[in-house]
Amino acid sequence: MEVPRVTRILNNEIVLLAVLSVAAFGVFIFTRHMSTLERQLNAKIAAVWFERGEQYLKAGETNKAIRSFRSATAKVEDDPKYTLALANALAAEKHTQEAESLLFRLREADAENPDVNLSLARLAAQQQGDIQEAVRYYQNALYGRWPGDQLDQRQQVRFELVRFLLAHQQQYLATSELFVLQNRVPDSAAAHIEIAKLFVEANDLPHALQEYAAAIRLDGSNVETLTAAGQVAFQLGNYQQAEEYLRAALEAKPDSQDTRHLLTLTRLVLSADPLLRHLTSWDRKNRLRAAIELSKTRLESCLSQTPDDKASAELQSLKAEAFATEAMLRAKSPPDTDTVRAGVDLVFRMQQAASGACGRPSEADQALLLIGRQHNGERP
């Protein structure tokens, strides 16, 4: 074959190959462009479905929201926001298994995602199953990767965990979480009040009173806070602090009969307790004599009312003990501390017996019961 002819054939083939390559590249560019356009279109459609689902949720139409979120995830399968929204909606409608499956899939992809762990915690709490499983997911959520602008939301999750623990009688764990919150919430009256209420639920009254005191330091005009602080101080037997808070609460709201009653009891305790600090020996003696005299009067009234022979015998025995103690107190020298303590214990036993046999005592008698309980280490 002639060389020019061969050369011509090769050149033609090279040109054809070049043309085919350019065409193939053009098809590739076109296909990729169309694919990008399709993804962008799907993303826009998914966003519309997602927004519609959010609107349905706000309107309380959860089933419609589920259908919208399904449409969004069908258009964009790998978007965790849409999948999480679908899972939460399914959980709200008690489609537990499907919601759990979606959440586990999300967690496998990102184990430190706080929103996913929080949803798993709420799902476990909703099932009323293993409390520890719910707590574990709550903890995972708390120690996950929180954006800097969501730290307030993180604190709300800890509040949610505390309420969950209290609802399931896990006071010890709840108190531990409350100690963390104490050091992390803003120094605001509202925050201290919220924590104080949770400490009350956890039956940790000393820390509840501490938080109420912090709230009052920041806002001393809140009647509800003053009243709550007074009630907690009263329950703890901190009567001087209770008197301060209750007096301020009553001055701000004079028509509160409950506060007035509690303040009256508090003042009666403070004026009648023979074992208060800084009293002279003669003051202790006089207070004890007055307490015994009042308790004797109640015993005598109760004896005239009760038909119960066993109760009457106990009341008579206590009355005789009271006469003997009174005779000892008539001595010129003031009694020592041990004698006063024994007298306070006698008054307490007298008041307890009369309450058991004859019902609710007067405010003055209630005050003597409170004094006895306090010095016996009991809460009011």
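Against the numbered list (1) closer than 23 Å to residue 235 by Cβ; (2) surrounded by 16 or more Cβ atoms within 10 Å (Cβ to Cβ), residue 161 comes up short only at (1). Do we find a residue being assigned to a helix (DSSP H, G or I), of a type in the set (A, V, I, L, M) and at pLDDT below 95 anywhere in segment 192-213? Within segment 192-213, none of the residues are assigned to a helix (DSSP H, G or I), of a type in the set (A, V, I, L, M) and at pLDDT below 95.
The sole residue among 366, 374, 316, 352 that is in contact with a Gly (Cβ under 7 Å, 6 or more places away or on another chain) and assigned to a helix (DSSP H, G or I) is 374. Given the structure, is residue 221 at pLDDT below 95, small (Gly, Ala, Ser) and outside any helix (DSSP H, G or I)? Criteria met by residue 221. Do we find that residue 250 is at pLDDT 95 or above, touching a Lys or Arg at 6+ places or on another chain (Cβ under 8 Å) and within 26 Å of residue 277 (Cβ to Cβ) in this structure? Spelling it out, residue 250 is indeed at pLDDT 95 or above, touching a Lys or Arg at 6+ places or on another chain (Cβ under 8 Å) and within 26 Å of residue 277 (Cβ to Cβ). Quick one: is residue 78 under 30 Å from the mean Cα position of the chain (by Cα) and either free of Cβ contacts under 8 Å to residues at least 24 places away in the same chain or part of a helix (DSSP H, G or I) (or both)? For residue 78, the condition - under 30 Å from the mean Cα position of the chain (by Cα) and either free of Cβ contacts under 8 Å to residues at least 24 places away in the same chain or part of a helix (DSSP H, G or I) (or both) - is not met. With respect to the conditions (1) modelled with pLDDT under 95; (2) of a type outside the set (Gly, Ala, Ser); (3) closer than 24 Å to residue 236 by Cβ; (4) part of a helix (DSSP H, G or I), residue 276 lacks only one, and its number is (4).
The values are calculated or read from the model by the stated rules, or taken from the named source; none is laboratory data. Computed from a predicted model, the values in this text were never measured in an experiment. Cβ coordinates were reconstructed from backbone atoms using ideal geometry, including for glycine residues, and neighbour counts include every protein chain displayed.
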